[in-house]
Amino acid sequence: MALTRRTLVSAALAAPALIGLGRAAQAATTLKLSHQFPGGTVDEGDFRDRMCRKFAAAVQERSKGALEVQVYPGSSLMKTNAQFSAMRKGALDMSLYPLPYAGGEVPETNIGLMPALVTSYPQAMAWKAAPVGRKLTEILLSKNIVLVSWVWQAGGVASRERPLVRPEDAKGLKVRGGSREMDLMMKAAGAATLSLPSNESYAAMQTGACDAVITSSTSLISFRLEELAKSLTSARDRSYWFMLEPIMMSKTIFDGLTKDQRDLIMTVGAELETFGQEGAKADDTRVEQIFGKAGAKVENLDEATLNRWRDLARDSAWKDYAAKSSSCAEMLKLAEAVA
């Protein structure tokens with residue numbers, strides 16, 4: 001009987017501690033951050049993966065463990081094209097995601113890869129505080145998406161055979177452009193186009209389904225396209241291909257956090273934007289070194305050629321985008337105002 005009493009007393013004394021532990025466990029929130037790019041570490045690998053890992057480490061440290069962010073690279077959590085829709089539904093917490101991939105659901109997002117609209121990093125980075133950035137943020141919020149961290153990347157062209165530098169070079173080529181609008185410009189130049197995520201580019205080039213891939217300098221490196229390409233059109237000096245690839249979050253999940261946690265996420269996201277832009281710029285140079293070492297011919301766009309691409313884009317992609325809706329027309333007008 002005494003043993004039974006001791007057991008009951010011990011259990012009673014332990015109960016408050018167990019309840020406290022349960023409360024502490026409930027207070028910790030785990031967020032899953034997915035992206036399509038190769039995984040690495042905080043210090044090595046694709047800068048987009050590194051950026052996600054730095055984000056995770058900073059959020060966990062500053063929240064004192066109340067928030068944990070788990071990073072899933074290489075579309076290991078879910079397929080690339082499913083990620084935006086999953087965030088909208090609250091089925092995925094976060095993603096570093098090429099914004100124009102969402103163009104099928106939200107046409108306005110194709111502004112994030114409008115050929116020859118953005119042609120420099122200073123111009124790209126000015127969007128966030130400009131009316132076009134505020135408008136884009138509002139549109140995404142209305143679709144249940146929070147834009148956490150702005151990341152822009154310039155892109156170049158990896159070609160299996162002949163270079164793709166001038167508009168006339170595109171005739172007869174099968175080209176992966178990365179967005180509907182980029183495809184429209186390439187079609188206007190005489191190319192055939194195919195739509196696929198950048199992480200499927202290697203297989204497309206390897207099988208001959210694609211002659212030339214236009215994608216960010218970082219993806220040209222991370223997906224090892226130098227192994228298949230004989231030519232690179234670099235983005236180091238100038239480019240008609242600038243893509244917005246932000247870290248985004250489901251508004252449903254975001255709204256379920258405390259105000260302090262929401263503020264922390266947005267603060268860390270903003271702080272990492274400098275790291276993201278420095279990583280993108282560094283890869284614009286590094287891609288030339290990697291492709292050149294592999295034996296590819298490296299070319300750069302001059303201003304006159306860029307202007308020719310812009311004229312072609314204005315008459316094809318820009319016109320098509322503006323005709324989609326009054327909202328798209330307004331977005332384009334606001335974007336053109338950012339010099």
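Here are the numbers for the structure shown:
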{"quantity": "Probe 1.4 Å, accessible area per residue of the range 206-304, Å²", "calculated": "40 Å²"}
{"quantity": "Shape of the range 103-259, Cα gyration tensor, a/c cut at 1.5", "calculated": "prolate"}
{"quantity": "Interchain or long-range residues, amide H under 5 Å from ILE145's placed H", "calculated": "LYS251"}
{"quantity": "Listed pairs LYS135/LYS333; LYS187/LYS319; LYS187/LYS297; LYS187/LYS324 exceeding 21 Å between Cα atoms", "calculated": "LYS187/LYS297"}
{"quantity": "Amide proton proximity set for LEU92, modelled H, under 5 Å, gap of 5+", "calculated": "MET87"}
{"quantity": "Part-to-part distance (alpha-carbon centres) for the range 183-261 and the range 49-97, which is given in Å", "calculated": "20 Å"}
{"quantity": "DSSP beta bridge pairing in the range 29-337, given as percent antiparallel to the nearest 5", "calculated": "55 percent"}
{"quantity": "Reach of LYS174 by Cα under 13 Å, taken over aspartates and glutamates that are not fewer than 8 positions away in the same chain", "calculated": "GLU161, ASP183, ASP211"}
{"quantity": "Proximal aspartates and glutamates to LYS32, defined as alpha-carbon separation beneath 16 angstrom and excluding residues fewer than eight positions away on the same chain", "calculated": "ASP49, GLU68, ASP93, ASP255"}
{"quantity": "Scaled radius of gyration (Cα, divided by 2.2 N^0.38 Å) that the range 29-337 gives", "calculated": "0.95"}
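The values are calculated or read from the model by the stated rules, or taken from the named source; none is laboratory data. All figures in this text were calculated on a predicted structure; none of them were measured in a lab. The accessibility values were calculated without ligands, DNA or RNA, using every heavy atom of the protein model including side chains. Shrake-Rupley method; radii C 1.70, N 1.55, O 1.52, S 1.80 Å.
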